[in-house]
Amino acid sequence: MRFWRYSKMKITLNPHAKDAATRDALVAEGGFGKYYTDHMVICEWDEKSGWAEPELVPYGPITLDPATAVFHYGQEIFEGMKAYRQPDGGIALFRPEANAKRFARSAARLALPEMPVELFLETVETLVKQDAGWVPNKVGESLYIRPFMIATEVGLGVRPSNKATYILIATPAGAYFDPSKAVSVWISTEYVRASQGGTGEAKCGGNYAASLVAQKAAAKEGCDQVVWLDAVERKWVEEMGGMNLYFVKGKGADATIFTPKLTGTLLPGVTRDSILSVAADLGYKVEEGMISTTDWQDGIATGEITETFACGTAAVVSPIGQAKSAMGTWVTGDGQPGTITMQIRNHLLGIQHGNIEDKHGWVKRVI
Ligand SMILES: *Cc1c(COP(=O)(O)O)cnc(C)c1O
């Protein structure tokens, strides 16, 4: 396998890079996905020669032939990860190998080339180092990193593309978490996100394209997000929008932190996986299993389920207040973010920002 080092990677700096004052003002605006950093990384693959050397280039539009495969058959995958400012002013990534490995698994499912983990990590580190000034400073803020890959063979024949392009972009993400507001969810029995043998475990754009109509239905019901059930019985709770789900059963030190198990149709979230460890570190029992909509509704009615939250890289942890479905509406606790939810959120953020000891070796310093 070939290894690329920063010094060897082709670098073309952006002559129009923002000056520090302009950049700092854009970062201070907060938000998410509004501004992009000065550079991006591109790496081409073709069947004959494999991966070319990645190049760091000025951020900007790309030109593609209208007959490019991705536009027609949706052969595309992506990742989402973050760089966090550390107490000494340095910058760290959180479990980047987990994203690199998942990217390769998604690629395999979508018949795209698997990018070597070392190459993926090299591109991420290079971009973060180059555009370090775009990483915000406060806890809860970060630089959101979006690697993606598209099929770039030109032609309308339906077959796995013999060319692919990997692109890496980054955008500053503000602390858009509002602790006073819990999310409301619509449990969809009409639409499904994934079925056995499908692409539910892969992080691909197609999953999202198919989900947007359900998101619209949720909005029509006055809900912020959609909750997905299994495709066969339409009864087992899987995940929420683009985040995994957690339920807190019981209260205080005796509480159990429960999450739907990975049945092959759920997206295996890095945050989900990290919370299994964090909750155990905090002394809670953790459990992965099956939970039906009836279990959820009954658990609320009997008081067994005391808190519900969603988790993912973008929002870290998002408390869920109200759940609504064809079977009725129920509210977790007092509809406000739960105590254990907030404890887990703060603990995970603490590790990511270097304020809490990283027992698991998750934090990788870039600078
Ligand atoms: C990305 C994603 C998640 C969360 O994964 P993280 O690695 O924690 O960010 C959950 N569900 C879906 C459908 C996703 O695409």
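Short-range pairs are left out: with C-alpha atoms under 8 Å and at least six residues apart, the relative contact order of the chain is 18 percent. Under the criterion of Cα pairs below 8 Å and six or more residues apart, the relative contact order for the stretch 257-367 equals 21 percent.
Rolling a 1.4 Å sphere over the protein heavy atoms, what is the accessible area per residue of the chain, to the nearest Å²?
Accessible area per residue: 44 Å².
Counting only protein heavy atoms, what percent of the accessible surface of the stretch 10-173 is carbon or sulfur at a 1.4 Å probe? Numbers along the way, then the final one.
Values: 3850 of 7040 Å².
That share works out to 55 percent.
Rounded to the nearest 10 square angstrom, Ile351 shows an accessible area of 10 square angstrom against a 1.4 Å probe. The string of couplings for the stretch 246-252 from the Karplus curve (6.51, -1.76, 1.60, θ = phi - 60°) is 9, 10, 9, 10, x, 10, x Hz, one whole number per residue in order, with x for Gly and Pro. Taking amide H atoms as placed 1.01 Å from N in the peptide plane, the amide H of Glu307 lies under 5 Å from those of Val248, each 5 or more residues away in sequence or on another chain. Taking all Cα pairs closer than 8 Å and separated by 6 or more residues, the relative contact order of the stretch 183-352 comes to 24 percent. Shown in residue order for the stretch 307-324 are the 3J(HN,Hα) couplings computed by the Karplus curve 6.51 cos²θ - 1.76 cosθ + 1.60 at θ = phi - 60°: 8, 9, 8, 10, 9, x, 4, 4, 9, 6, 9, 10, x, 10, x, 9, 10, 10 Hz (x for Gly and Pro). How far is helix 117-130 tilted, in degrees, relative to the longest principal axis of the Cα atoms in the chain, given as a value from 0 to 90 rounded to the nearest 10? It is inclined by approximately 80 degrees.
Ligands, DNA and RNA left out, the accessible area of the stretch 183-352 computed with a 1.4 Å probe is 50% carbon and sulfur. Measure out, as a whole number of angstrom, how far apart the alpha-carbon centroids of the stretch 249-315 and the stretch 119-154 sit. Rounded to whole Å, the Cα centres lie 30 Å apart. Under 5 Å between amide hydrogens, built in the peptide plane, is the criterion, and for Val183 it picks out Ile320, Gly321 among residues at least 5 positions away or on other chains.
Quick check: Cα centre of the stretch 336-367 to Cα centre of the stretch 34-103, how many Å? Here the two parts' Cα centres lie 25 Å apart. Under a 5 Å amide H cut-off, with hydrogens placed 1.01 Å from N, Gln86 pairs with Ile91, Ala92 among residues at least 5 apart or on other chains. Among the trypsin sites (Lys or Arg not before Pro) in the stretch 110-178, those placed in a DSSP loop whose Cβ has at most 15 other Cβ atoms within 10 Å are Lys138. To test your reading of the geometry: what angle, between 0 and 90 degrees and rounded to tens, separates the Cα axis of helix 339-352 from the longest principal axis of the chain? With rounding to tens, the tilt is 20 degrees.
Across the stretch 200-213, coupling constants 3J(HN,Hα) worked out from phi with the 6.51/-1.76/1.60 Karplus curve, θ = phi - 60°, read x, 7, 8, 8, 10, x, x, 4, 6, 4, 6, 8, 5, 5 Hz, and Gly and Pro carry x.
The values are calculated or read from the model by the stated rules, or taken from the named source; none is laboratory data. None of the values given here were measured: they were computed from a predicted structure. Cβ: placed from backbone, ideal geometry, glycine included. Neighbour counts: every protein chain shown. The protein model used for the area step is the full one, side chains on, heavy atoms only, and it has no ligands, DNA or RNA in it. Shrake-Rupley method; radii C 1.70, N 1.55, O 1.52, S 1.80 Å.
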